[in-house]
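What follows is a short report on a single structure.
The values are calculated or read from the model by the stated rules, or taken from the named source; none is laboratory data. Small disclaimer: the values here were computed from a predicted structure and weren't measured. Cβ: placed from backbone, ideal geometry, glycine included. Neighbour counts: every protein chain shown. With ligands, DNA and RNA removed, areas are computed over all heavy atoms of the protein, side chains included. Shrake-Rupley method; radii C 1.70, N 1.55, O 1.52, S 1.80 Å.
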Amino acid sequence: MYHTGNLVKELADKHGRQRENLMPILQDIVRKYNYLTDEAMVEVATELDISAAEVYGTASFYTFLDTQERGKNVIRVCKTITCSMKGKNDIIAVLEDILKIKVGETTPDKMFTLVETNCIGWCHKAPAMLINDMPYTDLTPQTVIDVVKGYMSK
Amino acid sequence: MENKGLSKVDLIFEEINAKEVLQKAFAMTSEEIIQQVLESGLKGRGGAGFPTGLKWKYTAAEKESEKYIVCNADEGEPGTFKDREILDKVPYKVYGGMAIAGKAMGARKGFIYLRGEYRFLLPQLFIELHKFHKMIKEIGFDFQIEYRMGSGAYICGEESALFESIEGFRGEPRNKPPYPTTSGLFSKPTSINNVETLVTAMMIIKMGGAEYVKLGTKDSRGSKVFSISGDTPIPGIFELELGMSVQEFVNEFGDGDTKAVQVGGASGFCVPRKRFIETIIGFEGVPTGGSMKLFNSSRSMYNVLHNYLEFFTEESCGQCTPCRVGCQQLLKGIEKVKKGEAKSTYLNELIKLADTMKVASKCGLGQSVGNAFRSIVENFREEVIY
Ligand SMILES: Cc1cc2nc3c(=O)[nH]c(=O)nc-3n(C[C@H](O)[C@H](O)[C@H](O)COP(=O)(O)O)c2cc1C
Ligand code: SF4
Ligand code: FES
């Protein structure tokens, strides 16, 4: 859980209070807090003067606008065909091993969430994953360990 | 059928003097620009292949004072990654194409809808956009471009879903008609084009429509950027002249053991080895937004089909029943056949379902699930069953 403080108001000031500003506002909240709480969505609804159901209905449509608690670093491993052919399962196995969680789960210290995602546009360098906004490609079990350790020490 | 063989081209990534091309375009009338694009025979590079010149002509003919140019950079089709490379390497040509489109159709505002997976590109894209806005101001043309981000939904690449998303709603496709050229973004006349289409349009203005026509075939003019992946020693992004056969493509990019090529991504067609020679890559044969996946004989085509059906089941917006339920039933259906819980003839029923989805679904997603389904089940029936 987090408290948005003044954030929603600031974002509404920055982006505007029309319906078309809803997505950029939700995207910015998720970039800061990794997911949307009920409280945050109600605040957005109040600022934009629309119903909370409209905000939730929109957010829940989009995979990246999570409404469940997410860790500080969201790891999204591509599971579409080329990555799947080129060893995605080994990558998942290594990640589950070092993070000690399963796909879909978040570490107890809330540092990492591990999920699978559909093609992220790096099939020529498969297997590939995103950590937050950053793509990592041509993965091997060893490079995955190095990358994740880098995030652990940040 | 015309067959041009395989030849590499360098139009899209070629560095050009953008200012010169834009000055040339802004000195032309709207009709002259559209005439060049019509003459070039350019068809949309996002997959559907609608003639770009016609789209521009229809939008230009609308009497509204407010119109929009939208660049579709959602690039979610499995196996497509060329738009990312174009935006990374030559963003100024995307902006330039949009401004030329703006001049042709009388629009002063453009939006680029960029998939959330490509957000890491934004800082550099903003720097380039700032330079671009400065340059066109110097030339004396009033045109502003803004970015809007996607949030991980393949369906938002469908044009009307994309408009819904920019407007702040769930990305659910609209009924058509009305078409975007009359009522698109914010219900205003809108020309929506793929990233590559816009860059190509700029190159057509630079070289002239008559020159561009020399590339490609009667049905598929010009060249195309291909995203090549799968079982190939040289995966990557290649610009090739249109009009080659799948065989010629495989000779260049295959690993010597290619048994099938999936042309056009999960919503495209699977071409088996026995059809390589006779199948032309282009609108006269198998159309493609650029996604080319090669599979060698070590791959199970059942796994390929299963992966695609999972993709569609997850990415269907769920708005219409044929697609929402159809995707799930196709997936469950092939699992049942594989496990021996249903007879192999059940596949014929599933093909009928896929055909029904083609006619009864509301948008291109549900309508095209049958492409991969039919072409894989028909050509690799044994692999799907046993
Ligand atoms: C499910 C679905 C996804 C699509 N995704 C994209 C996409 O990511 N990029 C794209 O340019 N076109 C995509 N399209 C096609 C667009 O609806 C539209 O035809 C295209 O942007 C028009 O541009 P063009 O004429 O330049 O190709 C998609 C269509 C469907 C049905
Ligand atoms: S065909 Fe599928 S994706 Fe398209 S509107 Fe219907 S349910 Fe949504
Ligand atoms: S299949 Fe994984 S990035 Fe495309």
Here are A:Leu99, A:Leu139, A:Leu130: which of them is in contact with a strand residue (DSSP E or B) (Cβ under 7 Å, 6 or more places away or on another chain) and within 14 Å of chain B (Cβ to nearest Cβ)?
A:Leu130
Residue pairs meeting the criteria (Cβ under 7 Å; at least 6 apart or on separate chains; first in contact (Cβ under 8 Å) with a residue 60 or more places away in the chain, in the stretch B:7-25; second surrounded by 13 or more Cβ atoms within 10 Å (Cβ to Cβ) and of a type in the set (Gly, Ala, Ser))
B:Val9/B:Ser223; B:Leu11/B:Ser223; B:Ala18/B:Gly96; B:Val21/B:Gly96; B:Leu22/B:Gly96; B:Leu22/B:Ala99
Residues of the stretch B:33-57 that turn out to be within 18 Å of the chain's Cα centre (by Cα) and either under 14 Å from B:Glu196 (Cα atoms) or not in a loop (DSSP other than H, G, I, E, B) (or both), as a count:
15
Do the conditions hold for B:Glu20, that is, is it within 13 Å of another protein chain (Cβ to nearest Cβ) and modelled with pLDDT of 95 or more?
no
For B:Lys358, work out the one condition from (1) part of a helix (DSSP H, G or I); (2) closer than 16 Å to B:Phe380 by Cβ; (3) away from ligand 3 (no atom under 16 Å from the Cβ); (4) open to solvent by 40 Å² or more (accessible area, probe 1.4 Å) it doesn't fulfil.
(2)
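Does B:Glu310 qualify as being within 16 Å of ligand 3 (Cβ to nearest atom) and of a type outside the set (S, T, N, Q)?
When the stated conditions are applied, B:Glu310 passes them.
For (1) more than 14 Å from every other protein chain (Cβ to nearest Cβ); (2) modelled with pLDDT of 95 or more; (3) in contact with a helix residue (DSSP H, G or I) (Cβ under 9 Å, 6 or more places away or on another chain), each residue gets a yes or a no:
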| site | (1), (2), (3) |
| --- | --- |
| B:Leu309 | no, yes, yes |
| B:Cys317 | no, yes, yes |
| B:Cys320 | yes, yes, yes |
| B:Gly333 | yes, yes, yes |
| B:Lys339 | yes, yes, no |
| B:Asp355 | yes, yes, yes |
| B:Lys362 | yes, yes, yes |
| B:Leu365 | no, yes, yes |
| B:Arg374 | yes, yes, yes |
From the option list B:Val90, B:Val9, single residue qualifying as under 30 Å from A:Ala128 (Cβ atoms) and either touching a helix residue (DSSP H, G or I) at 6+ places or on another chain (Cβ under 9 Å) or within 16 Å of ligand 3 (Cβ to nearest atom) (or both) is B:Val90
Under 8 Å between Cβ atoms, which residue pairs at least 6 apart in sequence (or on different chains) link something in the stretch B:215-233 that is closer than 17 Å to A:Trp122 by Cβ with a partner that is within 16 Å of ligand 3 (Cβ to nearest atom) and of a type in the set (Asp, Glu)?
B:Val225/B:Glu85
Within the stretch B:87-111, the residues that are β-branched (Val, Ile, Thr) and surrounded by 24 or more Cβ atoms within 10 Å (Cβ to Cβ) are B:Val94, B:Ile100
Here are some conditions: (1) away from ligand 2 (no atom under 16 Å from the Cβ); (2) out of contact with any helix residue (DSSP H, G or I) (no Cβ under 6 Å at 6 or more places or on another chain). B:Ala48 meets all but one. Which one does it not meet?
(1)
Take the residues in the stretch A:59-76 that are open to solvent by 20 Å² or more (accessible area, probe 1.4 Å) and among the polar types (S, T, N, Q); name whichever of them is farthest from the other protein chains (Cβ to nearest Cβ).
A:Gln68
The residue from B:Glu335, B:Glu310, B:Glu315 that alone is open to solvent by 20 Å² or more (accessible area, probe 1.4 Å), in the same structural domain as B:Ile351 (by TED's automatic domain parsing) and without any contact (Cβ under 8 Å) to a residue 24 or more places away in the chain is B:Glu310
With the condition kept exactly as written, say whether any residue in the stretch B:233-253 is within 14 Å of another protein chain (Cβ to nearest Cβ) and β-branched (Val, Ile, Thr).
yes
Report yes if A:Ala12 is open to solvent by 10 Å² or more (accessible area, probe 1.4 Å) and not charged (D, E, K, R), otherwise no.
no
Being open to solvent by 10 Å² or more (accessible area, probe 1.4 Å) and at the interface with another protein chain (Cβ under 8 Å from one of its Cβ atoms) is the filter; apply it to the stretch B:153-171 and report the residue that is farthest from ligand 2 (Cβ to nearest atom).
B:Glu167
Taking the condition of being open to solvent by 40 Å² or more (accessible area, probe 1.4 Å) and either in contact with a helix residue (DSSP H, G or I) (Cβ under 8 Å, 6 or more places away or on another chain) or not assigned by TED's automatic domain parsing to the domain that holds B:Met98 (or both), how many residues in the stretch B:21-30 meet it?
2
Go through (1) away from ligand 1 (no atom under 16 Å from the Cβ); (2) open to solvent by less than 20 Å² (accessible area, probe 1.4 Å); (3) not acidic (Asp, Glu) for B:Gln328 and report which single condition fails.
(2)
Which one of these does B:Arg174 not meet: (1) within 14 Å of chain A (Cβ to nearest Cβ); (2) in contact (Cβ under 8 Å) with a residue 12 or more places away in the chain?
(1)
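Determine whether B:Lys19 is over 15 Å from the mean Cα position of the chain (by Cα) and among the basic types (Lys, Arg).
It is true that B:Lys19 is over 15 Å from the mean Cα position of the chain (by Cα) and among the basic types (Lys, Arg).
For the stretch B:75-147, give me every one of the helices (runs of 4 or more DSSP H) that falls completely inside it and has 3 or more residues that are within 13 Å of another protein chain (Cβ to nearest Cβ) and within 26 Å of B:Gly230 (Cβ to Cβ). Steps first, please.
Values: elements: B:82-89, B:91-105, B:122-139.
Hits in the stretch B:75-147: B:82-89.
Which is open to solvent by 50 Å² or more (accessible area, probe 1.4 Å), within 15 Å of ligand 3 (Cβ to nearest atom) and within 14 Å of chain B (Cβ to nearest Cβ), of A:Lys79, A:Lys88, A:Lys125?
On the way: A:Lys79 fails: open to solvent by 50 Å² or more (accessible area, probe 1.4 Å); A:Lys88 fails: open to solvent by 50 Å² or more (accessible area, probe 1.4 Å).
The unique qualifying residue is A:Lys125.
Would you check which residues across the stretch A:36-58 are among the hydrophobic types (A, V, I, L, M, F, W, C) and crowded, with 18+ Cβ neighbours inside 10 Å and list them? Don't jump to the end; show me each part of the working.
Pass one, the stretch A:36-58, residues among the hydrophobic types (A, V, I, L, M, F, W, C): A:36, A:40-42, A:44-45, A:48, A:50, A:52-53, A:55.
Of everything in the stretch A:36-58, those that are among the hydrophobic types (A, V, I, L, M, F, W, C) and crowded, with 18+ Cβ neighbours inside 10 Å turn out to be A:Leu36, A:Ala40, A:Met41, A:Val44, A:Ala45, A:Leu48, A:Val55.
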